């Protein structure tokens with residue numbers, strides 16, 4: 001009903017992430033800069049954290065749009081409490097590789113050979129793991145092992161970890177030292193302030209056709 005009243009083409013605050021709705025807040029601009037900087041380095045891990053609802057998933061979808069014209073294969077993985085046994089088949093699946101009834105050793109070899117074939121075609125390989133705070137330590141260790149794959153001094157796989165603030169606490173723990181040393185860029189998205197919240201609301205409304213008719217009172 002409110003959409004018709006305000007003459008909107010769609011829902012301004014829908015839960016499903018839509019890159020077109022991303023508001024370029026200061027925090028999101030900085031986070032995108034870190035992601036693009038990390039991507040240009042072509043190796044290691046990049047970590048982006050933030051509280052629930054700070055737009056991390058939306059930011060990653062916007063990143064995919066930014067990288068669409070690059071010679072790159074992007075594998076996206078939404079972590080759901082994956083452990084050391086589950087993570088490798090999940091990565092293989094994200095890379096469109098067969099994984100059923102394959103041993104851990106065979107999967108490691110399959111992934112490495114696939115990454116080598118991409119490298120031969122001058123194609124960058126990027127794995128993005130969302131909700132990474134739910135990964136177990138053994139799963140994170142397996143990702144570190146995958147990030148070690150290289151050929152003639154060139155990394156074969158780059159990994160972006162995206163998750164809630166808990167992820168940062170996990171990474172700084174003592175048993176994560178080896179992985180922590182491979183993080184080349186890290187950023188935490190902070191909640192927006194009052195001024196940016198107002199601009200955010202206006203951005204969302206105008207993205208679905210709002211033309212200030214009726215005009216909203218400033219206190220709203």
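Being surrounded by 19 or more Cβ atoms within 10 Å (Cβ to Cβ) and modelled with pLDDT of 95 or more is the requirement here; does residue 118 meet it? Show your work before the answer.
Working: surrounded by 19 or more Cβ atoms within 10 Å (Cβ to Cβ): no; modelled with pLDDT of 95 or more: yes.
Against the criterion (surrounded by 19 or more Cβ atoms within 10 Å (Cβ to Cβ) and modelled with pLDDT of 95 or more), residue 118 does not qualify.
Of the residues that make up region 25-40, is at least one surrounded by fewer than 13 Cβ atoms within 10 Å (Cβ to Cβ), in contact (Cβ under 8 Å) with a residue 60 or more places away in the chain and not in a strand (DSSP E or B)? Please lay out each step first, then the result.
The initial filter retains those residues of region 25-40 that are surrounded by fewer than 13 Cβ atoms within 10 Å (Cβ to Cβ), namely 26, 29, 33, 40.
With the extra rule that they be in contact (Cβ under 8 Å) with a residue 60 or more places away in the chain, the set shrinks to 26.
If we keep only those that are not in a strand (DSSP E or B) too, we end up with 26.
Checked region 25-40: at least one residue is surrounded by fewer than 13 Cβ atoms within 10 Å (Cβ to Cβ), in contact (Cβ under 8 Å) with a residue 60 or more places away in the chain and not in a strand (DSSP E or B).
Would you check if there is a residue in region 115-123 being touching a helix residue (DSSP H, G or I) at 6+ places or on another chain (Cβ under 6 Å) and closer than 18 Å to residue 77 by Cβ? Write out each step before concluding.
Taking region 115-123 as the starting set, the residues that turn out to be touching a helix residue (DSSP H, G or I) at 6+ places or on another chain (Cβ under 6 Å) are none.
Scanning region 115-123, I find no residue that is touching a helix residue (DSSP H, G or I) at 6+ places or on another chain (Cβ under 6 Å) and closer than 18 Å to residue 77 by Cβ, so the answer is no.
Test of understanding: among 21, 47, which residue is surrounded by 14 or more Cβ atoms within 10 Å (Cβ to Cβ) and closer than 21 Å to residue 161 by Cβ? Break it down into steps so the answer makes sense when it comes.
Details: 21 fails: closer than 21 Å to residue 161 by Cβ.
Unique residue meeting the criteria: 47.
For region 145-154, how many residues are touching a residue at least 40 places away in the same chain (Cβ under 8 Å) and in a helix (DSSP H, G or I)?
Residues that pass the stated criteria total 2.
Filter region 64-82 down to the residues that are in contact with a helix residue (DSSP H, G or I) (Cβ under 6 Å, 6 or more places away or on another chain) and modelled with pLDDT under 90, then identify the one that is surrounded by the most Cβ atoms within 10 Å (Cβ to Cβ).
Among them, the one singled out is 82.
Considering each residue of region 1-23, count those that are in contact (Cβ under 8 Å) with a residue 60 or more places away in the chain and under 23 Å from residue 72 (Cβ atoms), and give that number.
Residues in region 1-23 being in contact (Cβ under 8 Å) with a residue 60 or more places away in the chain and under 23 Å from residue 72 (Cβ atoms): 1 in total.
Mind listing whichever residues of region 167-200 are in a helix (DSSP H, G or I) and free of Cβ contacts under 8 Å to residues at least 60 places away in the same chain?
As a first pass, look at region 167-200 and keep what is in a helix (DSSP H, G or I): 167-171, 174-180, 194-200.
Within region 167-200, 169, 170, 174, 175, 176, 177, 178, 180, 194, 195, 197, 198 meet the criteria.
Quick check: anything in region 45-68 part of a loop (DSSP other than H, G, I, E, B), out of contact with any strand residue (DSSP E or B) (no Cβ under 9 Å at 6 or more places or on another chain) and under 25 Å from residue 205 (Cβ atoms)?
There is at least one residue in region 45-68 that is part of a loop (DSSP other than H, G, I, E, B), out of contact with any strand residue (DSSP E or B) (no Cβ under 9 Å at 6 or more places or on another chain) and under 25 Å from residue 205 (Cβ atoms).
Against the conditions (1) touching a residue at least 12 places away in the same chain (Cβ under 8 Å); (2) under 13 Å from residue 156 (Cα atoms); (3) assigned to a helix (DSSP H, G or I), where does residue 138 fall short? Just the number, please.
Among (1) touching a residue at least 12 places away in the same chain (Cβ under 8 Å); (2) under 13 Å from residue 156 (Cα atoms); (3) assigned to a helix (DSSP H, G or I), residue 138 violates only (2).
Hey, any hits in region 155-165 for a residue that's in contact with a strand residue (DSSP E or B) (Cβ under 6 Å, 6 or more places away or on another chain), part of a helix (DSSP H, G or I) and surrounded by 13 or more Cβ atoms within 10 Å (Cβ to Cβ)?
no
The values are calculated or read from the model by the stated rules, or taken from the named source; none is laboratory data. All figures in this text were calculated on a predicted structure; none of them were measured in a lab. Cβ sites come from the backbone with ideal geometry, for glycine too, and all protein chains shown count toward neighbours.
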